[in-house]
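Chemist: Here it is, the structure in full.
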Amino acid sequence: MVGAGSLLVSTPSRMFGQDVKPITVGFIYAATRNDYGWNQAHAVAARRIAALPGVKLVEQERVPETVQVERVMESMIQLDGAKVLFPTSFGFWPFIQKMAPKYPDVLFVHAGGLWKEGDAKNTIGYRGYMEEPHYLCGIAAGMMSKTGKLGFIGSKPLYFIFNNCNGFVMGARSVRQDATCQVVITGDWDNPVKEAETVNALVDQGVDVIVANVDSPKVAVETAERRGTMSCGYHTDLSALAPNGFLTGAEWNWAKGGDFVKAWQTGGPYPNLYRGGFRQEMVALSPFGKAVPQNVQQAVLAARQGFLDDTLKLYKGPLKDNKGNQVIAAGQEISNTDNAFKLNVKWLVEGANGSTGLQ
């Protein structure tokens, strides 16, 4: 490939088995791959996939959500011989659907989980239930907080932001019933100035644990650390940014896409749509920070096991929203894989102080 943002990683020749067909896999990022956020989470997966037998990896950074991504995809296919592409930004999906019919021998894998009937068969949408690790972060936050006041910074008023916030709040209140969470929706995917200002305002209000659901939580976590406030991560491992106050974090496991690469490589079956949590290996928990004692770690890991064996249901009644309306009746449980329910969450649970920003 040609371009300043182009990177090439080859697996050693000893990795290639006699019965493994070599395959070139391309990753395309909308920003730098070392952003301590969404893009870095994919870059971590790219390295793991590159370690698979027979895989050669090509990457390109800073590709905008415009027709330029079509040119990058075409270049990877025609010049690099890529047979699987991971265009990682949410807004790349329409361009993938334009390109896929032109290249039926190429598999296009996208992180939005947007695939629907009628979309190209050589495309996959996959996405993790991030509300599950957020619930675990909430347990850590609830047990570690001295004030009982937590903070959640969201980017856009979207269902997955609300689910993540709800998970965080319910996790905290499962171990500390009086815990509350101040919720701020910034309206921007990436606004470091506003994110830093929001963290400072929350700390001034007595919040002592924050989590930020933005493209890169780097600034939010660093600001919290400077203020002596604890934090939880999002997207990828952010522990290095907050050596004193980091508790744990909610991470994607985009490396699950390696299963799709192997399927395409061997002619095996693959799903067009794949969503899941811990049980489906689509999400992960960051390492615990040094400040987290054993009893807190044990409580968090016990809850993770509940998601793994499907004994812990995130949404179950009786449950009210933060306006006092019943959203789930007593005795009712929502399956952790109920996409229809989760895609229509437009409310925040009791204990969350703030608005969704929706009319």
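Chemist: When the solvent-accessible surface of protein heavy atoms is calculated with a 1.4 angstrom probe, in what order do L247, L158 fall, highest first?
Modeler: Sorted by accessible area, descending: L158, L247.
Chemist: Probe radius 1.4 Å, ligands and nucleic acids ignored: give me the carbon and sulfur share of the accessible area of the stretch 269-359 as a rounded percent.
Modeler: 47
Chemist: Also: Among G331, G167, G317, which one shows the highest mean-square fluctuation when the chain is modelled as a Gaussian network with alpha-carbon springs under 10 Å?
Modeler: With Cα springs under 10 Å in the chain, the top fluctuation among G331, G167, G317 is at G331.
Chemist: Shifting gears a bit: Could you do me a favour and compute the accessible area per residue for the chain, 1.4 Å probe, result in Å²?
Modeler: In whole numbers, the chain has 41 Å² accessible per residue.
Chemist: So what does S286 come to for accessible area, using a 1.4 Å probe and Å² rounded to 10?
Modeler: Approximately 0 Å² for this residue.
Chemist: Right, next: Whole-Hz Karplus ³J(HN,Hα) for the stretch 241-252, in order, using 6.51 cos²θ - 1.76 cosθ + 1.60 and θ = phi - 60°, x for Gly and Pro?
Modeler: Karplus-based 3J(HN,Hα) across the stretch 241-252 equals 7, 9, x, 9, x, 6, 9, 5, x, 9, 10, 7 Hz.
Chemist: Among I185, V169, A263, whose Cα lies farthest out toward the positive end of the dipole of the stretch 141-269, if unit charges sit on the beta carbon of Lys, Arg (+1) and Asp, Glu (-1)?
Modeler: V169
Chemist: What does the charge count near R48 come to, summing +1 for each Lys or Arg and -1 for each Asp or Glu among other residues with Cβ under 14 Å from its Cβ?
Modeler: Within the 14 Å Cβ shell, the charges total -1.
Chemist: How do the peptides 112-125, 270-283 rank, highest first, by the average count of neighbouring beta carbon atoms within 10 Å per residue?
Modeler: Details: 112-125: 16.4, 270-283: 18.4.
Averaged packing, sorted descending, gives the order 270-283, 112-125.
Chemist: For the stretch 276-292 and the stretch 179-237, write down the distance between their C-alpha centroids in whole Å.
Modeler: So the separation of the two Cα centres works out to 19 Å.
Chemist: If amide H atoms are built 1.01 Å from N in the plane of the peptide, which residues on other chains or at least 5 residues away come under 5 Å of the amide H of L107?
Modeler: Placed amide hydrogens put V84, L85 under 5 Å from L107.
Chemist: Could you tell me which Cys residues in the chain have no other cysteine's Cβ under 4.7 Å from their own Cβ, answering none if every one has a partner?
Modeler: Within the chain, the cysteines lacking a partner Cβ under 4.7 Å are C165, C181.
Chemist: Net charge near V214, counting Lys/Arg +1 and Asp/Glu -1 over other residues with Cβ under 11 Å of its Cβ? Don't skip to the end; give the middle numbers.
Modeler: Details: positive: K156, K194, K218; negative: D35, D188, D190, E195, D215.
Local net charge: -2.
Chemist: So, one more: Determine ³J(HN,Hα), in whole Hz, for all residues of the stretch 111-120 in sequence, where each value follows from phi through the Karplus function 6.51 cos²θ - 1.76 cosθ + 1.60 and θ = phi - 60°; x replaces Gly and Pro.
Modeler: With the stated coefficients, the stretch 111-120 comes to 7, x, x, 9, 4, 9, 4, x, 6, 4 Hz.
Chemist: If we count every other residue with Cβ under 12 angstrom of D259's Cβ, Lys/Arg +1 and Asp/Glu -1, where does the sum land? Could you put the intermediate results ahead of the total?
Modeler: Numbers: positive: R48, K256, K262; negative: E281.
Result for the local shell: +2.
Chemist: Between W189 and A51, how many nm apart are label points set 7 Å from Cα along the C-beta direction?
Modeler: 2.9
Chemist: Given a 1.4 Å probe and the protein chains all in place, what does the accessible area of E195 round to, in Å² to the nearest 10?
Modeler: Accessible area of E195: about 0 Å².
Chemist: By a straight-distance test (C-alpha under 27 Å), which lysines pair with K102 as possible cross-link partners, with residues fewer than eight away in the same chain excluded?
Modeler: K21, K56, K83, K116, K121, K256, K262
Chemist: With viscosity set to 0.890 mPa s at 25 °C, what whole-number translational diffusion coefficient in µm²/s follows for the chain from Stokes-Einstein and a Kirkwood radius over Cα pairs? Don't skip to the end; give the middle numbers.
Modeler: Values: Rh = 21.0 Å.
Taking Rh from Cα pairs, D becomes 117 µm²/s.
Chemist: Most fluctuating residue of D338, D80, D321 in a GNM of the chain with Cα springs under 10 Å: which is it?
Modeler: So, out of D338, D80, D321, the one fluctuating most is D338.
Chemist: What are the principal axis extents of the Cα atoms in the stretch 217-359, in Å, biggest first?
Modeler: The Cα atoms of the stretch 217-359 stretch 53, 41, 35 Å along the principal axes, largest first.
Chemist: Check the straight Cα-Cα distances from K323 and name the lysines below 29 Å, setting aside those fewer than 8 residues away within the same chain.
Modeler: Filter leaves K146, K149, K156, K194, K313, K342, K346.
Chemist: Beyond 24 Å, what share of the Cα-Cα pairs of the stretch 181-294 is found? Please give it as a whole percent.
Modeler: That fraction is 37 percent.
Chemist: Same structure again: According to a simple spin-label model (label point 7 Å from Cα along Cα-to-Cβ), what is the distance in nm between A302 and T66?
Modeler: 5.4
Chemist: Can you give me the long-range amide H partners of F246? Hydrogens built in the peptide plane at 1.01 Å from N, cutoff under 5 Å, separation of 5 or more residues or another chain.
Modeler: Result for F246 returns S231.
Chemist: Hey, another quick one. Picking from G37, G233, G324, which is most flexible by a Gaussian network model of the chain using Cα springs under 10 Å?
Modeler: Of the options given, G324 has the highest mean-square fluctuation.
Chemist: For F27, enumerate residues with amide H under 5 Å from its amide H, sequence gap 5+ or separate chain, H modeled in the peptide plane.
Modeler: Those qualifying (amide H under 5 Å, at least 5 residues apart or on another chain) are V58, E59, Q60, F86.
Chemist: Taking 45 Å as R0, compute the FRET efficiency from the Cβ-Cβ separation of N244 and S355 and round it to 0.05.
Modeler: Using R0 = 45 Å, I get an efficiency of 0.90.
The values are calculated or read from the model by the stated rules, or taken from the named source; none is laboratory data. Just so it is clear, the structure is predicted and the values come from calculations on it, not from any experiment. Positions of Cβ are backbone-derived with ideal geometry, glycine not excepted, and every protein chain shown enters the neighbour counts. Surface areas here come from the heavy atoms of the whole protein model, side chains and all, with no ligands, DNA or RNA. Shrake-Rupley method; radii C 1.70, N 1.55, O 1.52, S 1.80 Å.
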